[in-house]
Amino acid sequence: MLSFIYEIELFGAIYMSVIFFLGAVHGLMLTFLLVSKKVNQLSNRILAGLMLVFTIDLAMAALLSVGLHHNYPHVIGLDFSITLLYGPLLYLYSVTLIKGNERLTLAQKKHFIPFILLTLYFLPFYFKSGKTKLSLLSETGELQYGSEWITHFKVVYSLTYLPFIIRDLYQYRKKIRANYSTLEKRNLDWLQGFVLAGTLLGITAGVLYTISSFSDILSEYTDFTLLASTIFVYSIGYMGLKQAEFFTPIGREEKQVTKEEKPRQESYTRSGLNEEQGKEFHQELCTLMEKEKPYLRSDLSLAELAGLINISTHNLTEVINTFADASFYDFVNSYRVENVKQAIKDPEFQNYTLLGIGLESGFNSKSSFNSVFKKHTGLTPSQYKKSLEG
């Protein structure tokens, strides 16, 4: 009976080892693919660094799960300090992706100080003999080298970055809706979703680790936590790889806008508009939207629309927020939706598909067309068309 149980445990260990090894191979492939990308190079290299860190973690997990560290004791400890890179790398990835930085600032480089300090702390261990390293490992593979407080610190340290990432992504989401009428090349909602999932995963892992440090009951969940982390990190990697093909950092666009923008009245940006001025600009804006239909350009931005009526972007935002009670994104898309509704009734567009009408009206994808139309009307384009026919 004991022999049978041992065989099951051995099979489970080998099975998880294979999964971790394959995950490490995929991580290495992702690392090379991200480094090779020519666009958004800094953010892609940071994400590649995150993939490489996790690849090392998985490779170590594969070795430990089948006991190969007994044959190669000098690999023990390679992953002890790199856990402190998860939070900083994910944070710096989101920051550089948003701003389009070409290099890290001195302040951003300081995020790596804890990793450097912990690596220095472990230097004496790295130079010990293989036999000594093995003697410092517990039966569960935990390093008996001040590891309990260090492990707790690493978990807490990594988790502290997540609220800041979520905050920055939330502010970024508001910013692009205030400046752009199309979000496809700028949208980072996918990353915000992953970070929220990562927060939940990190808290769960921290709780499980804390409980298992007092009891062996939950120790078997360690592999499943690592497996979930693998799926999480590599999902970010694949999405980041896909995003690199078309993502446009708004930081670069803002620099160009700052150079080109010349507001009609500088005092407005400092003191704000009075009600009479605001009404005049709002009327001028509505007339422009109805007659010249700039919203038909799918890439229309706040700066471009402000230039058409010779007003600063600050004042245009104030006018739209106050008199239209909407963000720039919703304001422009409301005109696109109305244009679609009129085109559906127009005999000239009888041979157009609904998507074709949407594209003609300024939308640049089926997904954005459907979601925006339903938000403004409560119906999908096809449902709206059927309601007219009925």
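The values are calculated or read from the model by the stated rules, or taken from the named source; none is laboratory data. Just so you know, these numbers come straight off a predicted model, no measurement behind them. Reconstructed Cβ throughout: ideal geometry from the backbone, glycine too, with neighbour counts over all protein chains shown.
Worth a mention:
- The residue that is farthest from Tyr329 (Cα to Cα), counting only those in region 148-185 that are of a type in the set (Val, Ile, Thr) and over 17 Å from the mean Cα position of the chain (by Cα), is Ile150.
- Enumeration of residues in region 312-362 that are in contact (Cβ under 8 Å) with a residue 60 or more places away in the chain and of a type in the set (S, T, N, Q): Thr313, Thr317, Ser327, Asn333, Ser361
- Hey, Arg252 of a type in the set (D, E, K, R), part of a helix (DSSP H, G or I) and at pLDDT 80 or above or not: no
- Among the residues of region 69-86, those that are outside any helix (DSSP H, G or I) and out of contact with any Asp or Glu (no Cβ under 8 Å at 6 or more places or on another chain) comprise Asn71, Tyr72, Ile76, Gly77, Leu78, Phe80, Ser81.
- None of Asn315, Asn321, Asn370 is in a helix (DSSP H, G or I), polar (S, T, N, Q), out of contact with any Gly (no Cβ under 7 Å at 6 or more places or on another chain) and crowded, with 19+ Cβ neighbours inside 10 Å except Asn315.
For (1) touching a helix residue (DSSP H, G or I) at 6+ places or on another chain (Cβ under 7 Å); (2) outside the structural domain of Glu284 (by TED's automatic domain parsing), each residue gets a yes or a no:
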{"position": "Ala306", "(1), (2)": "yes, no"}
{"position": "His314", "(1), (2)": "yes, no"}
{"position": "Asn321", "(1), (2)": "no, no"}
{"position": "Ser334", "(1), (2)": "yes, yes"}
{"position": "Asp346", "(1), (2)": "no, yes"}
{"position": "Gly356", "(1), (2)": "no, yes"}
{"position": "Ser371", "(1), (2)": "no, yes"}
{"position": "Lys385", "(1), (2)": "yes, yes"}
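- For region 87-127, the set of residues classified as surrounded by 13 or more Cβ atoms within 10 Å (Cβ to Cβ) and not in a helix (DSSP H, G or I) consists of Gly100, Asn101, Leu104, listed by residue number.
- Any hit, region 364-386, residues being of a type in the set (Ser, Thr, Tyr) and under 21 Å from Lys291 (Cβ atoms): no
- Conditions (1) among the aliphatic types (A, V, I, L, M); (2) surrounded by 17 or more Cβ atoms within 10 Å (Cβ to Cβ); (3) modelled with pLDDT of 85 or more; (4) closer than 14 Å to Gly237 by Cα: number failed by Ala24: (3)
- Residues of region 288-295 include at least one that is under 27 Å from Lys386 (Cα atoms) and part of a helix (DSSP H, G or I).
- Filter result (at pLDDT below 60 and hydrophobic (A, V, I, L, M, F, W, C)) within region 144-171: none
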